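Student: For reference, the structure I am asking about is given below.
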Amino acid sequence: MKRTIQVKQIPNLKEAAKREMNLQPEFIYQSVEMDETMKNLGKNKKFFVRTYGCQGNLRDGEVIEGILSKMQYEKTENLQEADVIILNTCAVRENAEKKVFGEIGLLKKLKLTNPDLIFGVCGCMVQQEHIVKKILETCEHVDLVFGTHNIHHLPSLLKEAYFSKERVIEVLSNQGNIAEDLPSIRASKTKAWVNIMYGCNKFCTYCIVPYTRGKERSRKSVDILKEIQELKDQGYLEVTVLGQNVNAYGKDLHDISFAQLLEQIALIGIKRIRFTTSHPWDFSEELIDVIAKYDNIMPHIHLPVQSGDDTILRKMGRRYTTQSYLELVQKIRTKIPNVALTTDIIVGFPNESEENFENTLKLVEQVRYDSAFTFIYSPRVGTPAARLEDNVDMTTKKQRFNRLTAVISKIQLEKYKTYQDQVVKVLVEGYSKTNPSILSGYTEDMKLVNFKGNPEFIGKIVPVLIHKCKTFTLEGEILETRCAQA
Ligand code: SAH
Ligand code: SF4
Ligand code: F3S
């Protein structure tokens with residue numbers, strides 16, 4: 001028998017695309033409200049949360065875990081013993097969505113052994129009407145669906161799903177508010193993500209994010225600085241400030257700019273500051289100067305170019321040309337000579353010709369990125385590009401993808417080889433994923449290093465002498481005698 005569905009709100013892509021510039025977001029302090037039942041709902045129970053997608057979504061995953069632990073649920077890594085399972089999803093490419101539907105199917109059997117299990121799906125995927133429809137129609141075992149705007153409602157939604165035995169759906173498609181005072185369980189004790197803004201107004205024609213995340217809206221600088229000060233006091237050595245386009249920080253508040261915010265963060269004195277992502281379009285001189293001025297702002301800029309061809313860039317709605325991009329790169333490198341540049345590139349955008357693609361190869365050869373994420377174009381329902389015919393065939397897309405990654409890897413290896421016999425500063429994060437007798441961590445300019453050394457250095461910044469350089473990693477050993485000076 002089909003269960004009743006309690007539809008509080010379903011998503012609407014048209015609503016999600018609206019931008020009312022005069023509408024200010026509401027700042028909701030003490031945003032997570034809980035009655036006595038919610039505070040005790042998780043007693044002697046466990047939760048499992050799996051997050052897909054970008055760092056912003058990983059941060060949301062930490063908040064979801066924080067809320068569940070406030071309800072007294074305990075975290076488990078074992079799906080079999082979970083009483084609540086939440087998949088926090090990403091919609092940026094079709095592959096990401098396919099993986100989640102596969103996972104939803106696999107988890108069905110867990111309900112047989114635990115009929116009280118609450119199974120929730122949240123995140124960017126369910127901000128889309130057609131996905132919610134598909135879940136409602138074909139995934140009867142999903143009990144709870146909530147979106148990116150109402151994570152702080154989780155206690156009441158969970159309570160409702162638990163006691164009513166109905167399927168509860170609440171996905172808002174408004175422009176979004178700013179929920180503060182969110183509890184969280186951070187993934188690391190040494191490095192932390194801090195949101196400085198939410199949403200995106202850029203509407204690049206291929207991208208679903210502006211629809212799933214709402215309007216570009218900035219947190220107040222006092223709240224951000226307070227969070228980072230607290231992280232420093234707790235012993236965190238690194239923060240990465242997050243936004244879909246951090247350079248637009250503050251424009252909606254008519255308060256301080258991103259460059260000014262970054263400077264204030266630097267003055268807090270936390271050892272390492274990173275930021276992502278920077279749209280090349282509004283990357284200011286002032287920002288370059290601030291990065292150059294402070295030693296604790298790391299010399300790494302992720303500057304997604306997407307394509308090296310002006311016709312394609314125009315069709316993507318990126319609002320810069322290859323020339324202005326290259327000029328920006330030049331300016332950055334002049335003022336920050338040790339900077340590492342990384343990027344994102346999409347191949348196979350509709351109508352991308354061999355010549356368009358070769359222009360991308362040329363740009364990559366010119367810029368010589370330290371590394372790059374490459375993607376095959378994936379049409380997203382409701383975006384302007386999805387109305388164009390997806391007319392580059394998959395074989396060509398894959399060939400271009402392979403040609404591009406070959407060029408990127410060749411340059412990357414050449415760059416990594418310059419680290420041979422150099423001493424780099426590494427924040428030791430823990431053991432290497434592939435070899436538990438080896439430590440690993442990142443350099444200031446974001447190179448992954450695996451090295452021999454004493455585990456007592458985990459959570460510290462240490463000098464590492466590089467012995468071997470590979471395409472994606474450096475290898476070396478800690479110089480223990482020089483650790484005090486690092
Ligand atoms: N706000 C960030 C990007 C977020 S999405 C920025 O503008 O840089 C991360 C990356 O996914 C993008 O940079 C883009 O390269 C890729 N991407 C986004 N939509 C895509 C799509 N429809 N198909 C393939 N790749 C896509
Ligand atoms: Fe997507 Fe463009 Fe916004 Fe980045 S800037 S999230 S690519 S629309
Ligand atoms: Fe994916 Fe949403 Fe991030 S679509 S990339 S999880 S903003």
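The values are calculated or read from the model by the stated rules, or taken from the named source; none is laboratory data. No experiment lies behind these values; they were computed from the predicted model shown. Backbone-built Cβ (ideal geometry, glycine too); neighbour counts: all protein chains shown.
Residue by residue, here is whether (1) assigned to a helix (DSSP H, G or I); (2) modelled with pLDDT under 95 holds:
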residue	(1), (2)
P115	no, yes
C122	no, no
M125	yes, no
H130	yes, no
V142	no, no
V145	no, no
T148	no, no
H152	yes, no
E160	yes, no
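Student: Mind checking which pairs have a first residue in the stretch 255-279 that is within 13 Å of I224 (Cα to Cα) and a second that is away from ligand 1 (no atom under 16 Å from the Cβ) and basic (K, R), Cβ under 6 Å, 6 or more apart or different chains?
Tutor: Here the result reads I268/K232, each pair linking the stretch 255-279 to a residue that is away from ligand 1 (no atom under 16 Å from the Cβ) and basic (K, R).
Student: Could you please let me know if L79 is more than 16 Å from ligand 1 (Cβ to nearest atom) and in the same structural domain as F163 (by TED's automatic domain parsing)?
Tutor: yes
Student: Tell me yes or no: at least one residue of the stretch 263-271 is at pLDDT 95 or above, among the acidic types (D, E), part of a helix (DSSP H, G or I) and surrounded by 18 or more Cβ atoms within 10 Å (Cβ to Cβ).
Tutor: Start the filter on the stretch 263-271 by keeping residues that are at pLDDT 95 or above, which leaves 263-271.
Of the ones still in play, those that are also among the acidic types (D, E) are 263.
Checking which are part of a helix (DSSP H, G or I) leaves us with 263.
From the residues that got through so far, the ones that are surrounded by 18 or more Cβ atoms within 10 Å (Cβ to Cβ) too are 263.
Scanning the stretch 263-271 turns up at least one residue that is at pLDDT 95 or above, among the acidic types (D, E), part of a helix (DSSP H, G or I) and surrounded by 18 or more Cβ atoms within 10 Å (Cβ to Cβ).
Student: Also, I was wondering about something else. Looking at the stretch 236-248, can you tell me whether even one residue there is closer than 17 Å to I291 by Cα, assigned to a loop (DSSP other than H, G, I, E, B), away from ligand 3 (no atom under 16 Å from the Cβ) and modelled with pLDDT of 95 or more?
Tutor: The answer is no; no qualifying residue exists.
Student: Please determine whether any residue of the stretch 152-168 is of a type in the set (K, R), more than 24 Å from E62 (Cβ to Cβ) and buried (at least 16 other Cβ atoms within 10 Å of the Cβ). Walk me through how you get there before you give the answer.
Tutor: The first filter runs over the stretch 152-168 and keeps only residues of a type in the set (K, R), leaving 159, 165, 167.
Keeping just the survivors that are more than 24 Å from E62 (Cβ to Cβ) gives 165, 167.
From the residues that got through so far, the ones that are buried (at least 16 other Cβ atoms within 10 Å of the Cβ) too are 167.
Among the residues of the stretch 152-168, at least one is of a type in the set (K, R), more than 24 Å from E62 (Cβ to Cβ) and buried (at least 16 other Cβ atoms within 10 Å of the Cβ), which makes the answer yes.
Student: I've got another one for you. Taking T212, is it at pLDDT 95 or above, within 16 Å of ligand 1 (Cβ to nearest atom), under 21 Å from C90 (Cα atoms) and assigned to a loop (DSSP other than H, G, I, E, B)?
Tutor: Working: at pLDDT 95 or above: yes; within 16 Å of ligand 1 (Cβ to nearest atom): yes; under 21 Å from C90 (Cα atoms): yes; assigned to a loop (DSSP other than H, G, I, E, B): no.
So T212 fails the test.
Let's see how each residue does on (1) assigned by TED's automatic domain parsing to the domain that holds S221; (2) aliphatic (A, V, I, L, M):
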{"site": "P115", "(1), (2)": "no, no"}
{"site": "I118", "(1), (2)": "no, yes"}
{"site": "V126", "(1), (2)": "no, yes"}
{"site": "T138", "(1), (2)": "no, no"}
{"site": "I151", "(1), (2)": "no, yes"}
{"site": "S156", "(1), (2)": "no, no"}
{"site": "L182", "(1), (2)": "no, yes"}
{"site": "N195", "(1), (2)": "yes, no"}
{"site": "C200", "(1), (2)": "yes, no"}
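Student: What are the residues in the stretch 420-447 that are among the aliphatic types (A, V, I, L, M) and buried (at least 18 other Cβ atoms within 10 Å of the Cβ), if any? Give the derivation first.
Tutor: To start, the set of residues in the stretch 420-447 that are among the aliphatic types (A, V, I, L, M) comprises 423-424, 426-428, 438-439, 446.
Within the stretch 420-447, V424, V426, L427, V428, L439 qualify.
Student: From the list T374, T343, T360, T383, which one is surrounded by fewer than 19 Cβ atoms within 10 Å (Cβ to Cβ), within 13 Å of ligand 1 (Cβ to nearest atom) and polar (S, T, N, Q)?
Tutor: T374
Student: Sticking with this structure for a sec: Within the stretch 89-105, work out how many residues are within 16 Å of ligand 2 (Cβ to nearest atom), surrounded by fewer than 19 Cβ atoms within 10 Å (Cβ to Cβ) and either of a type in the set (A, V, I, L, M) or without any contact (Cβ under 8 Å) to a residue 12 or more places away in the chain (or both).
Tutor: Residues flagged as within 16 Å of ligand 2 (Cβ to nearest atom), surrounded by fewer than 19 Cβ atoms within 10 Å (Cβ to Cβ) and either of a type in the set (A, V, I, L, M) or without any contact (Cβ under 8 Å) to a residue 12 or more places away in the chain (or both) within the stretch 89-105 amount to 1.
Student: Go through L341, L361, L388, L328 for me and flag whichever is touching a His at 6+ places or on another chain (Cβ under 9 Å) and either of a type in the set (K, R) or modelled with pLDDT of 95 or more (or both). Full working, then the answer.
Tutor: Working: L361 fails: touching a His at 6+ places or on another chain (Cβ under 9 Å); L388 fails: touching a His at 6+ places or on another chain (Cβ under 9 Å); L328 fails: touching a His at 6+ places or on another chain (Cβ under 9 Å).
Every option except L341 fails the conditions.
Student: Let me ask something else about it. Can you find, within the stretch 184-207, the residue that is nearest to N245 (Cα to Cα) among those that are outside any loop (DSSP other than H, G, I, E, B) and of a type outside the set (S, T, Y)? Explain how you work it out, then say what you get.
Tutor: Keep residues of the stretch 184-207 that are outside any loop (DSSP other than H, G, I, E, B), which gives 191-195, 197-198.
Now restrict to residues that are of a type outside the set (S, T, Y): 191-195, 197.
Values: K191: 21, A192: 18, W193: 15, V194: 14, N195: 11, M197: 8 Å.
By that ranking, first place goes to M197.
Student: Can you tell me which residue among E238, E216 is farther than 21 Å from A385 by Cβ and in contact (Cβ under 8 Å) with a residue 24 or more places away in the chain? Spell out the reasoning first.
Tutor: Numbers: E216 fails: farther than 21 Å from A385 by Cβ.
Exactly one residue qualifies, and that residue is E238.
Student: Collect the residues in the stretch 346-375 that are touching a residue at least 60 places away in the same chain (Cβ under 8 Å) and not in a helix (DSSP H, G or I), keeping them in residue-number order.
Tutor: We begin by selecting, within the stretch 346-375, every residue touching a residue at least 60 places away in the same chain (Cβ under 8 Å); these are 346, 349, 367, 370-371, 375.
Once the filter is applied, which keeps residues that are touching a residue at least 60 places away in the same chain (Cβ under 8 Å) and not in a helix (DSSP H, G or I), the stretch 346-375 yields I346, F349, D370, S371, F375.
Student: Something else: Hey, can you tell me all the residues within the stretch 259-282 that are within 16 Å of ligand 2 (Cβ to nearest atom) and in contact with a Leu (Cβ under 6 Å, 6 or more places away or on another chain)?
Tutor: To start, the set of residues in the stretch 259-282 that are within 16 Å of ligand 2 (Cβ to nearest atom) comprises 275-282.
Of everything in the stretch 259-282, those that are within 16 Å of ligand 2 (Cβ to nearest atom) and in contact with a Leu (Cβ under 6 Å, 6 or more places away or on another chain) turn out to be S278, P280.
Student: Mind listing whichever residues of the stretch 189-207 are at negative phi, within 12 Å of ligand 3 (Cβ to nearest atom) and within 14 Å of the chain's Cα centre (by Cα)?
Tutor: Listed by number, the residues that qualify are N195, Y198, C200.
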